[in-house]
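Student: Got a structure here, written out as structure tokens. Questions coming.
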Amino acid sequence: MKINYACRSTEHGMARRQFLGSMAATSAGFVAGGLGIFANRAVAEQLQSAQKRIVVFNMHGGLSQLESWDPKPGTDTGGPFLAIPTSVPGIHISELLPQTAQQMHHLCLARGVNTSEDDHGKGAYMMLTGRRQTPAGNFPQLGAVAARALTPDNSALPGHILITPGGSGGRGNDSAYLGPKYSSVYLGNGNPPQNTTRPDNIVEASDVARQDFRRHVNERFLNRRRTAVTEAFAYSYEQAEQLMRQRDVFDVSKEPASDVDRYGTHDFGRHCLLARRLLEQGITFVQLSHSNYDTHNENFNFHIEQMGEFDRSFSCFVADLAARGMLDSTLIVVLSEFGRTPNINQYYGRDHWSKAWSVCLAGCRIPRGAVYGKTNANGTAVEDGQVDHGALFHTYLQAAGVDSTGSFDVDGRDMPIADPSAAPVSQLLT
Amino acid sequence: MTIPEGFDPKQAHVVSQWPHDRPLNACRFDPAGRFVYCGSEDAAVERFNLPDGARTIINGGHQTWVKAIAFSKDGNIAVSGGCDGKLTWWDSPAAEPKPIRSINAHKGWIRSLDVSPDGTLLVSGGNDNVARIWNISDGSLVYEFTEHTRHIYCVAFHPDGLSVISGDLIGGLKQWEVTTGNEVRTFDATPLHSYNGGQQVDFGGIRAIAVSPDGKWLVAGGLHKASNPLGAVHEPLVLLFDLETQKLEKQLIAEGITQGVIWRLKWLSDGSIMGLSGGGSGGFLLFWKPDAEKDYHRFQLPSLARDMDVHPDGLQVATAHYDRHLRISRLAAKAT
């Protein structure tokens, strides 16, 4: 596959040594907690003023809308929890989210989500790509799309980060036809990227020498055999080198201890604080997961525990972004693969339910302190303002300033950014 | 404890079943043996008359589900504990009981109640990790015990009335003095808890506590082998401790029940232990002798049950069912 140099990316046209030199200067200019990594003042200013970022909270397993954003107390499906008022008069959410309730004036609830897909894998795919899986092809996830559309071409850092609850980290396979450059970098349990420290038995001079040799050999090879594959191969080395130089960006221990206490000392609290740090450093897209909401058994016991963790950390995150003036440029999405059944089963559990559930949004062009969509009295069906995965995917991108009705140029082919048969939800955009 | 005439758990059978509008969560006989009070998946308390099952819906005490019920010694006062954190006192035998008093007793659910043997004190435990002792006559707070670090799932008075045993989600099982709150003993009940790293959940907990009438044995019930906590795959387990030495003497199991949890334990008049198991394998009354690990008898109920109590006559057993029925069984041969 010959590379298409007509694509919009400019990194190909950027002299490699200029690129690397810029990165080295960037590393030296790093300032914890600010935008100091961007040695180029214009880039930093642009980031602050224009670059949009997206953060996704993936409530893994299927968060119960009834125990979070759309409670139905006193009904046969409502469960044991009460609804509480929020900072927005007239809007009530579950009592399991008391601190988040105080941030409601920043949030927007889409309570009419109907995705008609009760399978974990398919539901997750739909919510993260905006389309149904087809045998004919694969689609890039939101993070890859955001990285491609929003990350400045000369960004020193990867544009697509996943913070996973466990694991050791690595690279995702989630960018489809956009190519490996936009695949996620996994931070296993919030730890810095894998293999980003120089082995102790290699001194710095040796490391510099071998990297120079690699580049030299690469240049010779690429002069004659430059393909998308070889380009991606070379890029992976360059990115790894930059990650080694900027490892501190991913080191949440650099954050103040008082913030660690506020967010909670559990893993999710640390992951939320890391997400804040990454967004502040200019990372375009961060996705973090909170597990596990697949509560077929003892839904209420498990939601007490999980929502308690989420509430504390998420409310701090929203409040901090608002206080730092980042909400205008950062889209927050809290999603799952589906919701949970209104019916309470014999194990005090709730099962998979995609016909009437909720997504929480905030930031960028999303209206503040609002609710769109409505379910019926006991939450079994959408009554008003129904939206699906395709419309939401468009909406996320539009909110972040991406014309989701446009296309990416991929090897000379126009690939629609989002499902052309869907459209953004205008009521969720200001 | 005298063994009642006709007592024979191996002849257990259902004698009555009375419907309700919602799945039932809790049930208790009043000590005078006139009623069964229930809590269900709504905010009301339900009262069923014995023996005809006439039902009275009692509203006004709670905002949401009722999980626990207890009575004064004479049965004239019922106390309900709800997921709203409230304790509500009721004039139990009244034609239409009204709340006598309602207090905000806990922050979060009240999961368990028990009354002291002399009938003067009530203990409550809940999701604020605190167990509280109340004066049952006026609702005043006598003492609170704050040594648990996770949700308290069950509380029970020792038969001597001088101490309480409380158990929590992570297997913390503590005996403490009523008047001082001083810990008397702790028991290692951690086999009843597990943390599933894949699902990232704590699971299990001490769902049931009972002390033998002679004060020698303590049993704590719940579940183990939780291979899939979120999918309800776990087996019932009872831990039998020597109360004095705190030694775990036996783990009482029920082979073949691959999906179940112990919701309640009661010592029976013949010195055996009856446990209610409810789960995917169905609802069972399980019977153990303290000297054997395996149940010597099991009685399968018509559907999954979530709570159980024994009538003062020692023969009738009430079970609260998910299928919206209260059932009364007898631990005796069918009448001919």
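Student: Please verify whether B:GLY215 is surrounded by fewer than 20 Cβ atoms within 10 Å (Cβ to Cβ) and within 14 Å of another protein chain (Cβ to nearest Cβ), treating the condition exactly as stated.
Tutor: Answer is no for this residue.
Student: Another question about this same structure. Among the candidates B:ASP21, B:ASP74, which residue alone is within 14 Å of chain A (Cβ to nearest Cβ), of a type in the set (Asp, Glu) and surrounded by fewer than 22 Cβ atoms within 10 Å (Cβ to Cβ)?
Tutor: That would be B:ASP21, the only listed residue that is within 14 Å of chain A (Cβ to nearest Cβ), of a type in the set (Asp, Glu) and surrounded by fewer than 22 Cβ atoms within 10 Å (Cβ to Cβ).
Student: Looking at the range B:202-212, which of the residues that are surrounded by 24 or more Cβ atoms within 10 Å (Cβ to Cβ) and β-branched (Val, Ile, Thr) is farthest from the other protein chains (Cβ to nearest Cβ)?
Tutor: That would be B:ILE209.
Student: Ok, one more. Restricting the search to the range A:284-295, which residues are touching a Phe, Trp or Tyr at 6+ places or on another chain (Cβ under 7 Å) and at the interface with chain B (Cβ under 10 Å from one of its Cβ atoms)? Reasoning before the result, please.
Tutor: Taking the range A:284-295 as the starting set, the residues that turn out to be touching a Phe, Trp or Tyr at 6+ places or on another chain (Cβ under 7 Å) are A:288, A:290, A:295.
Those that are touching a Phe, Trp or Tyr at 6+ places or on another chain (Cβ under 7 Å) and at the interface with chain B (Cβ under 10 Å from one of its Cβ atoms): A:HIS290, A:THR295.
Student: Within the range B:104-119, how many residues are assigned to a loop (DSSP other than H, G, I, E, B), more than 14 Å from every other protein chain (Cβ to nearest Cβ) and within 14 Å of B:CYS154 (Cβ to Cβ)?
Tutor: So the answer is 0.
Student: Moving on. When you scan the range A:205-282 for helices (runs of 4 or more DSSP H) that lie fully inside it, which ones turn up with 1 or more residues that are modelled with pLDDT of 80 or more and small (Gly, Ala, Ser)?
Tutor: A:257-263, A:267-280
Student: Within the range B:120-146, how many residues turn out to be away from every other protein chain (no Cβ under 14 Å) and either assigned to a loop (DSSP other than H, G, I, E, B) or in contact with a helix residue (DSSP H, G or I) (Cβ under 8 Å, 6 or more places away or on another chain) (or both)? So that I can check it myself, show each step before the final result.
Tutor: Filtering the range B:120-146 down to residues away from every other protein chain (no Cβ under 14 Å) leaves B:120-125, B:130-146.
Next cut, either assigned to a loop (DSSP other than H, G, I, E, B) or in contact with a helix residue (DSSP H, G or I) (Cβ under 8 Å, 6 or more places away or on another chain) (or both) only: B:120, B:130, B:136-140, B:146.
The qualifying residues number 8.
Student: Please indicate, with yes or no, whether at least one residue in the range A:52-72 is polar (S, T, N, Q), touching a strand residue (DSSP E or B) at 6+ places or on another chain (Cβ under 9 Å) and over 20 Å from A:ASN378 (Cα atoms).
Tutor: Residues of the range A:52-72 polar (S, T, N, Q): A:58, A:64-65, A:68.
Subset that is touching a strand residue (DSSP E or B) at 6+ places or on another chain (Cβ under 9 Å): A:58, A:64-65, A:68.
This time we only want the ones that are over 20 Å from A:ASN378 (Cα atoms), so: A:58.
Looking through the range A:52-72, at least one residue is polar (S, T, N, Q), touching a strand residue (DSSP E or B) at 6+ places or on another chain (Cβ under 9 Å) and over 20 Å from A:ASN378 (Cα atoms).
Student: Taking the condition of being more than 14 Å from chain B (Cβ to nearest Cβ), more than 24 Å from A:GLY264 (Cβ to Cβ) and of a type in the set (A, V, I, L, M, F, W, C), how many residues in the range A:306-351 meet it?
Tutor: Looking only at that region, the number is 1.
Student: Which of the residues spanning the range A:252-273 are over 25 Å from A:ASN292 (Cβ atoms), out of contact with any Lys or Arg (no Cβ under 7 Å at 6 or more places or on another chain) and surrounded by 14 or more Cβ atoms within 10 Å (Cβ to Cβ)?
Tutor: Residue satisfying the conditions is A:ASP259 alone.
Student: Under the condition of being in a loop (DSSP other than H, G, I, E, B) and in contact with an Asp or Glu (Cβ under 9 Å, 6 or more places away or on another chain), which residue from the range A:96-114 is surrounded by the most Cβ atoms within 10 Å (Cβ to Cβ)?
Tutor: A:LEU97
Student: Can you tell me how many residues within the range B:35-59 are away from chain A (no Cβ under 14 Å) and assigned to a loop (DSSP other than H, G, I, E, B)?
Tutor: 5
Student: Restrict the check to the range A:125-146 and report whether at least one residue is part of a strand (DSSP E or B) and in contact with a helix residue (DSSP H, G or I) (Cβ under 7 Å, 6 or more places away or on another chain).
Tutor: Scanning the range A:125-146, I find no residue that is part of a strand (DSSP E or B) and in contact with a helix residue (DSSP H, G or I) (Cβ under 7 Å, 6 or more places away or on another chain), so the answer is no.
Student: Here is a follow-up. Just to verify a result, which residue in the range A:329-352, among those that are buried (at least 22 other Cβ atoms within 10 Å of the Cβ) and in a strand (DSSP E or B), is farthest from the chain's Cα centre (by Cα)?
Tutor: By that ranking, first place goes to A:ARG340.
Student: Restricting the search to the range B:245-270, which residues are among the β-branched types (Val, Ile, Thr) and either touching a helix residue (DSSP H, G or I) at 6+ places or on another chain (Cβ under 6 Å) or in a loop (DSSP other than H, G, I, E, B) (or both)?
Tutor: B:THR245, B:ILE257, B:THR258
Student: Being more than 15 Å from A:MET127 (Cα to Cα) and of a type in the set (A, V, I, L, M) is the filter here; which residues of the range A:50-78 pass it?
Tutor: Residues satisfying the conditions are A:ALA50, A:LEU66.
Student: Also: Does the range B:299-321 hold any residues that are touching a residue at least 40 places away in the same chain (Cβ under 8 Å), under 13 Å from B:SER277 (Cα atoms) and part of a loop (DSSP other than H, G, I, E, B), and which are they?
Tutor: B:LEU301, B:PRO302
Student: Having 2 or more residues that are farther than 30 Å from A:THR77 by Cβ is the bar; report the strands (runs of 3 or more DSSP E) wholly within the range A:378-423 that clear it.
Tutor: Qualifying strands (runs of 3 or more DSSP E): A:407-410, A:413-416.
Student: Let me ask something additional. Across the range A:105-124, what is the number of residues that are in contact with a helix residue (DSSP H, G or I) (Cβ under 9 Å, 6 or more places away or on another chain) and of a type in the set (A, V, I, L, M)?
Tutor: Number of matching residues: 3.
Student: From (1) among the aliphatic types (A, V, I, L, M); (2) in a strand (DSSP E or B); (3) surrounded by fewer than 23 Cβ atoms within 10 Å (Cβ to Cβ), pick out the condition that doesn't hold for A:MET326.
Tutor: Only one criterion in (1) among the aliphatic types (A, V, I, L, M); (2) in a strand (DSSP E or B); (3) surrounded by fewer than 23 Cβ atoms within 10 Å (Cβ to Cβ) is unmet by A:MET326, namely (2).
Student: Quick test for you: out of B:GLU235, B:GLU177, B:GLU244, pick the one residue that is more than 14 Å from every other protein chain (Cβ to nearest Cβ), touching a strand residue (DSSP E or B) at 6+ places or on another chain (Cβ under 7 Å) and free of Cβ contacts under 8 Å to residues at least 60 places away in the same chain.
Tutor: When all the criteria are applied, what remains is B:GLU177.
Student: Taking A:ILE84 and the conditions (1) in contact (Cβ under 8 Å) with a residue 60 or more places away in the chain; (2) in a strand (DSSP E or B); (3) touching a His at 6+ places or on another chain (Cβ under 7 Å); (4) among the hydrophobic types (A, V, I, L, M, F, W, C), which numbered condition does it fall short on, given that it satisfies the others?
Tutor: (1) is the only condition that A:ILE84 fails.
Student: Shifting gears a bit: The conditions are (1) part of a loop (DSSP other than H, G, I, E, B); (2) buried (at least 20 other Cβ atoms within 10 Å of the Cβ); (3) not β-branched (Val, Ile, Thr), and B:PHE187 fails exactly one of them. Which is it?
Tutor: With respect to (1) part of a loop (DSSP other than H, G, I, E, B); (2) buried (at least 20 other Cβ atoms within 10 Å of the Cβ); (3) not β-branched (Val, Ile, Thr), B:PHE187 is out only on (1).
Student: Any chance you could count how many residues in the range A:83-105 are within 14 Å of another protein chain (Cβ to nearest Cβ) and over 23 Å from A:GLY264 (Cβ atoms)?
Tutor: Selection size over the range A:83-105: 2.
Student: Here are some residues: A:ASP174, A:ASP200, A:ASP153. Which one is more than 28 Å from A:VAL260 (Cα to Cα), acidic (Asp, Glu) and modelled with pLDDT of 90 or more? First the steps, then the outcome.
Tutor: Numbers: A:ASP200 fails: modelled with pLDDT of 90 or more; A:ASP153 fails: modelled with pLDDT of 90 or more.
So the residue among A:ASP174, A:ASP200, A:ASP153 that is more than 28 Å from A:VAL260 (Cα to Cα), acidic (Asp, Glu) and modelled with pLDDT of 90 or more is A:ASP174.
The values are calculated or read from the model by the stated rules, or taken from the named source; none is laboratory data. Computed from a predicted model, the values in this text were never measured in an experiment. Positions of Cβ are generated from backbone atoms using ideal geometry, with glycine treated the same way; all protein chains shown enter the neighbour counts.
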